[in-house]
Amino acid sequence: MSCDFLALANPGVRELHPYQAGKPISELERELGISNIVKLASNENPLGLSPLAKAAMEREMADLARYPDANGFYLKAKLAERLGISAGQITLGNGSNDVLELVARVFVEPGNEVIYSEHAFVVYPIVTQAIGATRVEVPARDRGHDLEAMAAAITDKTRLIFIANPNNPTGTWVNGADLKAFMEKVPENVLVVVDEAYFEYVSEPDYPRTLEWLAEYPNLLVSRTFSKAYGLAGVRAGYIVAHEEITGLLNRVRQPFNMNSLALAAAQAVLDDTDYLARAIEVNRAGMEQLEAACHEHDLDYIPSVGNFLTIDMGRPAGPLYQFMLERGVIVRPVANYGMPDHLRVSIGLPEENARFVELLPQLPR
Ligand SMILES: *Cc1c(COP(=O)(O)O)cnc(C)c1O
(Lines give C-alpha, C1' and ligand atoms only; values in the text may rest on other atoms or scores of the structure.)
Protein backbone atom coordinates (compact mmCIF):
# COMPACT_ATOMS: atom_id res chain seq x y z
CA MET A 1 0.00 0.00 0.00
CA SER A 2 1.36 3.40 -0.80
CA CYS A 3 0.03 6.89 -0.46
CA ASP A 4 -0.94 8.87 -3.59
CA PHE A 5 1.48 11.73 -3.03
CA LEU A 6 0.61 13.26 -6.38
CA ALA A 7 -2.90 13.84 -5.11
CA LEU A 8 -1.44 15.53 -2.02
CA ALA A 9 0.60 18.05 -4.05
CA ASN A 10 -1.10 21.36 -4.60
CA PRO A 11 -3.05 21.48 -7.88
CA GLY A 12 -0.57 23.69 -9.74
CA VAL A 13 2.36 21.48 -8.83
CA ARG A 14 0.56 18.34 -10.02
CA GLU A 15 0.75 19.56 -13.60
CA LEU A 16 4.33 20.84 -13.48
CA HIS A 17 7.38 19.34 -15.16
CA PRO A 18 10.79 19.98 -13.62
CA TYR A 19 13.01 22.62 -15.22
CA GLN A 20 15.31 21.03 -17.79
CA ALA A 21 18.81 22.34 -17.24
CA GLY A 22 21.63 22.11 -19.76
CA LYS A 23 23.52 18.85 -19.48
CA PRO A 24 26.49 19.22 -17.10
CA ILE A 25 29.94 18.44 -18.53
CA SER A 26 30.60 15.92 -15.74
CA GLU A 27 27.46 13.96 -16.68
CA LEU A 28 28.44 13.66 -20.33
CA GLU A 29 31.99 12.71 -19.34
CA ARG A 30 30.57 9.86 -17.25
CA GLU A 31 28.31 8.70 -20.07
CA LEU A 32 30.80 8.88 -22.93
CA GLY A 33 34.09 8.39 -21.15
CA ILE A 34 35.59 11.33 -23.04
CA SER A 35 37.15 14.48 -21.66
CA ASN A 36 37.37 17.18 -24.34
CA ILE A 37 33.79 18.32 -23.93
CA VAL A 38 32.59 21.85 -24.61
CA LYS A 39 29.39 23.10 -23.06
CA LEU A 40 27.53 25.74 -25.02
CA ALA A 41 24.22 25.01 -23.38
CA SER A 42 23.52 27.26 -20.42
CA ASN A 43 24.59 30.76 -21.46
CA GLU A 44 27.47 30.71 -19.01
CA ASN A 45 30.46 33.01 -19.24
CA PRO A 46 33.23 31.16 -21.11
CA LEU A 47 35.98 33.21 -19.43
CA GLY A 48 35.60 31.34 -16.16
CA LEU A 49 35.66 33.03 -12.80
CA SER A 50 36.81 36.64 -12.46
CA PRO A 51 40.11 36.73 -10.52
CA LEU A 52 38.72 39.41 -8.22
CA ALA A 53 35.65 37.29 -7.42
CA LYS A 54 37.85 34.26 -6.80
CA ALA A 55 40.12 36.14 -4.39
CA ALA A 56 37.14 37.57 -2.54
CA MET A 57 35.64 34.11 -2.05
CA GLU A 58 38.96 32.74 -0.85
CA ARG A 59 39.13 35.50 1.76
CA GLU A 60 35.55 34.78 2.77
CA MET A 61 36.31 31.11 3.42
CA ALA A 62 37.67 31.88 6.89
CA ASP A 63 34.25 33.07 8.05
CA LEU A 64 32.00 30.39 6.60
CA ALA A 65 31.03 28.97 9.99
CA ARG A 66 29.06 32.19 10.49
CA TYR A 67 25.73 33.03 8.89
CA PRO A 68 25.85 35.51 6.02
CA ASP A 69 24.78 39.13 6.43
CA ALA A 70 21.03 38.66 6.02
CA ASN A 71 20.66 42.15 4.59
CA GLY A 72 23.62 42.07 2.24
CA PHE A 73 24.48 45.57 3.43
CA TYR A 74 27.73 46.09 1.52
CA LEU A 75 26.57 44.56 -1.74
CA LYS A 76 23.36 46.58 -1.71
CA ALA A 77 25.26 49.75 -0.92
CA LYS A 78 27.60 49.20 -3.83
CA LEU A 79 24.78 48.31 -6.23
CA ALA A 80 22.76 51.32 -5.11
CA GLU A 81 25.67 53.63 -5.79
CA ARG A 82 26.43 52.11 -9.19
CA LEU A 83 22.82 52.00 -10.34
CA GLY A 84 21.69 55.36 -8.99
CA ILE A 85 18.97 53.86 -6.79
CA SER A 86 18.53 53.41 -3.04
CA ALA A 87 19.56 50.27 -1.16
CA GLY A 88 15.96 50.06 0.03
CA GLN A 89 14.87 49.25 -3.52
CA ILE A 90 17.04 46.13 -3.81
CA THR A 91 16.13 42.55 -2.99
CA LEU A 92 19.02 40.10 -3.28
CA GLY A 93 18.49 36.51 -4.34
CA ASN A 94 20.02 33.10 -4.71
CA GLY A 95 20.23 33.85 -8.41
CA SER A 96 17.60 36.04 -10.03
CA ASN A 97 15.29 33.05 -10.41
CA ASP A 98 14.93 33.18 -6.64
CA VAL A 99 13.62 36.74 -6.70
CA LEU A 100 11.37 36.13 -9.72
CA GLU A 101 9.70 33.35 -7.77
CA LEU A 102 9.53 35.58 -4.70
CA VAL A 103 7.59 38.24 -6.59
CA ALA A 104 5.05 35.68 -7.74
CA ARG A 105 4.68 34.20 -4.25
CA VAL A 106 4.14 37.59 -2.65
CA PHE A 107 1.73 39.10 -5.19
CA VAL A 108 -0.05 36.28 -6.99
CA GLU A 109 -2.71 33.94 -5.67
CA PRO A 110 -4.74 31.10 -7.19
CA GLY A 111 -7.24 32.54 -9.64
CA ASN A 112 -4.98 35.46 -10.62
CA GLU A 113 -3.52 35.66 -14.11
CA VAL A 114 0.13 36.06 -15.01
CA ILE A 115 1.03 37.20 -18.51
CA TYR A 116 4.18 36.30 -20.40
CA SER A 117 5.15 35.74 -24.04
CA GLU A 118 5.30 32.62 -26.12
CA HIS A 119 8.96 31.43 -26.34
CA ALA A 120 9.74 33.36 -23.13
CA PHE A 121 11.96 32.07 -20.33
CA VAL A 122 10.39 28.92 -18.89
CA VAL A 123 10.74 30.01 -15.27
CA TYR A 124 7.73 32.37 -15.70
CA PRO A 125 5.18 29.61 -16.39
CA ILE A 126 6.77 27.42 -13.73
CA VAL A 127 6.44 29.97 -10.92
CA THR A 128 2.92 30.87 -12.06
CA GLN A 129 1.77 27.29 -12.20
CA ALA A 130 3.36 26.43 -8.84
CA ILE A 131 1.15 29.00 -7.15
CA GLY A 132 -1.97 27.71 -8.86
CA ALA A 133 -2.42 30.94 -10.81
CA THR A 134 -3.48 31.04 -14.45
CA ARG A 135 -0.82 31.19 -17.15
CA VAL A 136 -1.62 33.62 -19.95
CA GLU A 137 0.85 33.00 -22.76
CA VAL A 138 0.61 35.64 -25.48
CA PRO A 139 1.66 34.56 -29.00
CA ALA A 140 5.03 35.98 -30.05
CA ARG A 141 5.54 38.30 -33.01
CA ASP A 142 8.65 37.54 -35.09
CA ARG A 143 9.75 35.27 -32.21
CA GLY A 144 9.80 38.29 -29.85
CA HIS A 145 7.41 39.82 -27.33
CA ASP A 146 4.26 41.33 -28.86
CA LEU A 147 3.80 44.11 -26.32
CA GLU A 148 0.56 45.36 -27.86
CA ALA A 149 -0.99 41.93 -27.63
CA MET A 150 0.37 41.53 -24.09
CA ALA A 151 -1.26 44.82 -23.03
CA ALA A 152 -4.51 43.70 -24.66
CA ALA A 153 -4.39 40.47 -22.63
CA ILE A 154 -4.65 42.32 -19.30
CA THR A 155 -7.89 41.61 -17.42
CA ASP A 156 -9.25 42.31 -13.93
CA LYS A 157 -7.50 39.15 -12.82
CA THR A 158 -4.04 40.07 -14.08
CA ARG A 159 -1.60 40.60 -11.25
CA LEU A 160 1.81 40.21 -12.85
CA ILE A 161 3.50 40.44 -16.27
CA PHE A 162 6.95 39.05 -17.08
CA ILE A 163 9.03 40.56 -19.87
CA ALA A 164 12.44 39.09 -20.65
CA ASN A 165 14.61 41.75 -22.25
CA PRO A 166 16.54 40.33 -23.98
CA ASN A 167 14.58 37.11 -24.00
CA ASN A 168 16.03 33.68 -23.52
CA PRO A 169 15.97 31.48 -25.66
CA THR A 170 15.30 33.79 -28.61
CA GLY A 171 17.74 36.66 -27.98
CA THR A 172 15.05 39.13 -29.07
CA TRP A 173 14.63 42.46 -27.28
CA VAL A 174 12.16 45.32 -26.94
CA ASN A 175 13.20 48.95 -27.36
CA GLY A 176 12.64 51.84 -24.98
CA ALA A 177 9.84 53.52 -26.92
CA ASP A 178 7.80 50.33 -27.21
CA LEU A 179 8.33 49.37 -23.58
CA LYS A 180 7.37 52.86 -22.43
CA ALA A 181 4.18 52.80 -24.54
CA PHE A 182 3.43 49.43 -22.95
CA MET A 183 3.97 50.72 -19.40
CA GLU A 184 1.56 53.57 -20.13
CA LYS A 185 -1.17 51.01 -20.85
CA VAL A 186 -0.60 48.85 -17.77
CA PRO A 187 -2.77 49.72 -14.76
CA GLU A 188 -0.82 50.59 -11.62
CA ASN A 189 -2.14 47.54 -9.79
CA VAL A 190 -0.51 45.18 -12.28
CA LEU A 191 3.17 44.53 -11.61
CA VAL A 192 5.58 44.38 -14.54
CA VAL A 193 8.84 42.48 -14.06
CA VAL A 194 11.45 43.26 -16.70
CA ASP A 195 14.04 40.49 -16.55
CA GLU A 196 17.35 41.96 -17.71
CA ALA A 197 19.58 38.93 -17.18
CA TYR A 198 21.61 39.74 -20.32
CA PHE A 199 21.53 43.52 -20.27
CA GLU A 200 25.33 43.93 -20.01
CA TYR A 201 25.68 42.41 -23.49
CA VAL A 202 23.23 44.78 -25.16
CA SER A 203 24.79 47.68 -27.04
CA GLU A 204 21.70 48.92 -28.92
CA PRO A 205 21.27 52.64 -28.19
CA ASP A 206 17.48 52.40 -27.84
CA TYR A 207 17.61 49.59 -25.27
CA PRO A 208 15.43 50.88 -22.40
CA ARG A 209 17.02 52.39 -19.31
CA THR A 210 14.39 50.92 -17.04
CA LEU A 211 16.05 51.87 -13.76
CA GLU A 212 15.43 55.51 -14.64
CA TRP A 213 11.70 54.82 -14.92
CA LEU A 214 11.13 53.43 -11.43
CA ALA A 215 9.87 56.71 -9.98
CA GLU A 216 7.44 57.16 -12.84
CA TYR A 217 6.14 53.57 -12.75
CA PRO A 218 5.92 52.27 -9.16
CA ASN A 219 4.62 48.95 -10.52
CA LEU A 220 7.86 48.32 -12.46
CA LEU A 221 10.42 45.79 -11.19
CA VAL A 222 13.78 45.11 -12.84
CA SER A 223 15.71 41.89 -12.22
CA ARG A 224 19.38 41.32 -12.97
CA THR A 225 21.88 38.57 -12.38
CA PHE A 226 25.55 37.85 -11.76
CA SER A 227 25.19 34.54 -13.61
CA LYS A 228 25.87 35.68 -17.15
CA ALA A 229 28.24 38.54 -18.03
CA TYR A 230 29.67 38.52 -14.49
CA GLY A 231 30.43 34.82 -14.67
CA LEU A 232 29.06 33.67 -11.30
CA ALA A 233 26.40 31.17 -12.44
CA GLY A 234 27.54 28.48 -10.02
CA VAL A 235 27.68 30.86 -7.08
CA ARG A 236 24.02 31.95 -7.40
CA ALA A 237 23.63 35.71 -7.12
CA GLY A 238 20.93 37.97 -8.51
CA TYR A 239 18.67 40.80 -7.47
CA ILE A 240 15.54 42.74 -8.27
CA VAL A 241 15.04 46.50 -8.05
CA ALA A 242 11.60 47.84 -7.19
CA HIS A 243 9.61 50.44 -5.27
CA GLU A 244 10.63 50.46 -1.56
CA GLU A 245 7.15 49.32 -0.50
CA ILE A 246 7.32 46.35 -2.86
CA THR A 247 10.82 45.58 -1.60
CA GLY A 248 9.51 45.61 1.97
CA LEU A 249 6.83 43.08 1.07
CA LEU A 250 9.31 40.82 -0.69
CA ASN A 251 11.45 41.01 2.42
CA ARG A 252 8.63 39.55 4.54
CA VAL A 253 8.74 36.28 2.61
CA ARG A 254 12.39 36.12 1.57
CA GLN A 255 14.49 33.45 3.26
CA PRO A 256 16.75 35.56 5.49
CA PHE A 257 19.99 34.02 4.20
CA ASN A 258 18.98 33.47 0.60
CA MET A 259 22.27 34.92 -0.64
CA ASN A 260 25.20 33.06 0.88
CA SER A 261 28.46 34.57 2.12
CA LEU A 262 30.51 33.47 -0.88
CA ALA A 263 27.96 34.89 -3.28
CA LEU A 264 27.84 38.20 -1.41
CA ALA A 265 31.63 38.47 -1.46
CA ALA A 266 31.99 37.42 -5.09
CA ALA A 267 29.25 39.71 -6.38
CA GLN A 268 30.67 42.68 -4.53
CA ALA A 269 34.15 42.02 -5.88
CA VAL A 270 33.17 41.33 -9.48
CA LEU A 271 31.41 44.70 -9.71
CA ASP A 272 34.92 46.20 -9.56
CA ASP A 273 36.30 43.91 -12.25
CA THR A 274 35.61 46.21 -15.18
CA ASP A 275 38.36 44.51 -17.17
CA TYR A 276 36.64 41.13 -16.83
CA LEU A 277 33.29 42.55 -17.92
CA ALA A 278 34.83 44.29 -20.91
CA ARG A 279 36.55 41.06 -21.98
CA ALA A 280 33.31 39.12 -21.55
CA ILE A 281 31.47 41.52 -23.81
CA GLU A 282 34.23 41.48 -26.42
CA VAL A 283 34.56 37.68 -26.47
CA ASN A 284 30.79 37.51 -26.85
CA ARG A 285 30.72 40.00 -29.72
CA ALA A 286 33.45 38.15 -31.60
CA GLY A 287 31.88 34.74 -30.92
CA MET A 288 28.50 35.95 -32.12
CA GLU A 289 30.10 37.02 -35.41
CA GLN A 290 31.82 33.65 -35.69
CA LEU A 291 28.55 31.73 -35.25
CA GLU A 292 26.56 34.04 -37.53
CA ALA A 293 29.18 33.65 -40.26
CA ALA A 294 28.97 29.86 -39.92
CA CYS A 295 25.19 30.02 -40.24
CA HIS A 296 25.48 32.04 -43.42
CA GLU A 297 28.02 29.62 -44.81
CA HIS A 298 25.78 26.63 -44.11
CA ASP A 299 22.55 28.35 -45.14
CA LEU A 300 21.01 28.22 -41.69
CA ASP A 301 18.54 30.85 -40.48
CA TYR A 302 18.96 32.17 -36.97
CA ILE A 303 17.10 34.57 -34.70
CA PRO A 304 19.18 37.77 -34.46
CA SER A 305 20.32 37.88 -30.83
CA VAL A 306 21.58 40.58 -28.47
CA GLY A 307 22.32 38.04 -25.73
CA ASN A 308 25.23 35.63 -25.24
CA PHE A 309 23.65 32.86 -27.31
CA LEU A 310 22.33 32.29 -30.81
CA THR A 311 19.22 30.29 -31.57
CA ILE A 312 19.54 28.58 -34.93
CA ASP A 313 16.84 27.10 -37.16
CA MET A 314 18.27 23.76 -38.23
CA GLY A 315 15.53 23.33 -40.84
CA ARG A 316 14.50 19.95 -39.47
CA PRO A 317 13.75 18.40 -36.06
CA ALA A 318 16.71 19.39 -33.90
CA GLY A 319 16.52 16.54 -31.36
CA PRO A 320 18.65 14.09 -33.37
CA LEU A 321 21.13 16.85 -34.25
CA TYR A 322 21.50 17.71 -30.56
CA GLN A 323 22.16 14.03 -29.88
CA PHE A 324 24.70 13.80 -32.73
CA MET A 325 26.62 16.76 -31.32
CA LEU A 326 26.39 15.41 -27.78
CA GLU A 327 28.04 12.16 -28.87
CA ARG A 328 30.90 14.24 -30.27
CA GLY A 329 31.38 16.18 -27.05
CA VAL A 330 29.53 19.39 -27.93
CA ILE A 331 26.62 20.21 -25.64
CA VAL A 332 24.09 22.69 -27.01
CA ARG A 333 20.46 23.21 -26.02
CA PRO A 334 17.38 21.86 -27.76
CA VAL A 335 14.43 24.23 -27.31
CA ALA A 336 11.47 22.06 -28.30
CA ASN A 337 10.05 22.74 -24.83
CA TYR A 338 9.89 26.42 -25.88
CA GLY A 339 7.77 25.56 -28.92
CA MET A 340 10.77 25.59 -31.28
CA PRO A 341 11.40 21.94 -32.21
CA ASP A 342 13.65 22.77 -35.17
CA HIS A 343 15.93 25.19 -33.31
CA LEU A 344 19.07 24.73 -31.27
CA ARG A 345 20.27 27.38 -28.83
CA VAL A 346 24.04 27.74 -28.83
CA SER A 347 25.75 29.74 -26.09
CA ILE A 348 28.68 31.86 -27.23
CA GLY A 349 31.93 30.30 -26.04
CA LEU A 350 35.62 30.95 -26.57
CA PRO A 351 36.67 30.98 -30.25
CA GLU A 352 37.98 27.42 -30.09
CA GLU A 353 34.80 26.21 -28.38
CA ASN A 354 32.59 27.85 -31.00
CA ALA A 355 34.80 26.22 -33.64
CA ARG A 356 33.99 22.77 -32.24
CA PHE A 357 30.30 23.49 -32.89
CA VAL A 358 30.96 24.97 -36.33
CA GLU A 359 33.08 21.96 -37.38
CA LEU A 360 30.14 19.64 -36.80
CA LEU A 361 27.71 21.58 -39.00
CA PRO A 362 28.77 20.00 -42.33
CA GLN A 363 28.77 16.53 -40.73
CA LEU A 364 25.21 16.62 -39.39
CA PRO A 365 22.91 13.77 -40.43
CA ARG A 366 20.19 14.81 -42.92
C1 LIG B 1 19.89 32.96 -17.16
C2 LIG B 1 18.64 33.73 -16.97
C3 LIG B 1 18.34 34.28 -15.73
C4 LIG B 1 19.32 34.18 -14.59
O5 LIG B 1 19.02 33.22 -13.71
P6 LIG B 1 19.86 33.15 -12.34
O7 LIG B 1 18.91 32.51 -11.43
O8 LIG B 1 20.18 34.55 -11.96
O9 LIG B 1 21.07 32.34 -12.64
C10 LIG B 1 17.20 35.02 -15.58
N11 LIG B 1 16.38 35.24 -16.62
C12 LIG B 1 16.65 34.76 -17.84
C13 LIG B 1 15.75 35.08 -18.97
C14 LIG B 1 17.78 33.97 -18.05
O15 LIG B 1 18.03 33.45 -19.24
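Tabulated values for the structure
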| quantity | calculated |
| --- | --- |
| Residue that is exposed (fewer than 14 other Cβ atoms within 10 Å of the Cβ) and in contact (Cβ under 8 Å) with a residue 24 or more places away in the chain, where the choices are Pro304, Pro317 | Pro317 |
| Candidates Glu101, Glu81, Glu118, Glu109, filtered to the one that is modelled with pLDDT of 95 or more, in contact with an Asp or Glu (Cβ under 7 Å, 6 or more places away or on another chain) and of a type in the set (D, E, K, R) | Glu118 |
| Cβ-Cβ under 7 Å pairs, at least 6 apart or on other chains, region 31-43 side open to solvent by less than 60 Å² (accessible area, probe 1.4 Å) and within 16 Å of the ligand (Cβ to nearest atom), far side among the polar types (S, T, N, Q) and at pLDDT 95 or above | Leu40/Ser347; Ala41/Ser347; Ser42/Ser347; Asn43/Asn168; Asn43/Asn308; Asn43/Ser347 |
| Meets criteria (among the charged types (D, E, K, R), in a helix (DSSP H, G or I), away from the ligand (no atom under 16 Å from the Cβ) and over 16 Å from Gly95 (Cα atoms)) for Glu245 | yes |
| Qualifying residue in region 345-354 (condition: farther than 22 Å from Leu47 by Cα and open to solvent by 20 Å² or more (accessible area, probe 1.4 Å)) | no |
| Criterion: in the same structural domain as Leu160 (by TED's automatic domain parsing) and more than 19 Å from Leu250 (Cβ to Cβ) - qualifying residue of Tyr230, Tyr217 | Tyr230 |
| Region 251-294 - residue that is assigned to a helix (DSSP H, G or I) and acidic (Asp, Glu) and, of those, least open to solvent (accessible area, probe 1.4 Å) | Glu292 |
| Helices (runs of 4 or more DSSP H) contained in region 7-108 and holding at least 3 residues β-branched (Val, Ile, Thr) | 96-107 |
| Within region 153-176, considering residues that are assigned to a loop (DSSP other than H, G, I, E, B) and among the small types (Gly, Ala, Ser), the one farthest from Glu196 (Cα to Cα) | Ala153 |
| Scan of region 113-134 for residues that are surrounded by fewer than 20 Cβ atoms within 10 Å (Cβ to Cβ) and in a loop (DSSP other than H, G, I, E, B), ordered by number | Glu118, Val122, Gly132 |
| Pairs where the first residue, in region 91-117, is at negative phi and assigned by TED's automatic domain parsing to the domain that holds Ala70 and the second is among the polar types (S, T, N, Q) and within 11 Å of the ligand (Cβ to nearest atom), C-beta under 8 Å, 6+ apart | Ser96/Ser223; Ser96/Thr225; Ser96/Ser227; Val99/Ser223; Leu100/Ser223; Ser117/Asn167 |
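For every residue, the table says whether it meets (1) more than 16 Å from the ligand (Cβ to nearest atom); (2) of a type outside the set (Gly, Ala, Ser).
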| residue | (1), (2) |
| --- | --- |
| Leu75 | no, yes |
| Gly88 | yes, no |
| Gly93 | no, no |
| Val99 | no, yes |
| Tyr116 | no, yes |
| Pro125 | no, yes |
| Thr128 | no, yes |
| Ala133 | yes, no |
| Asp142 | yes, yes |
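The values are calculated or read from the model by the stated rules, or taken from the named source; none is laboratory data. Quantities reported herein were computed from a predicted structural model and do not represent experimental measurements. Positions of Cβ are backbone-derived with ideal geometry, glycine not excepted, and every protein chain shown enters the neighbour counts. Just so you know, the surface numbers come from the protein's heavy atoms only, side chains and all, with ligands and any DNA or RNA stripped out. Shrake-Rupley method; radii C 1.70, N 1.55, O 1.52, S 1.80 Å.
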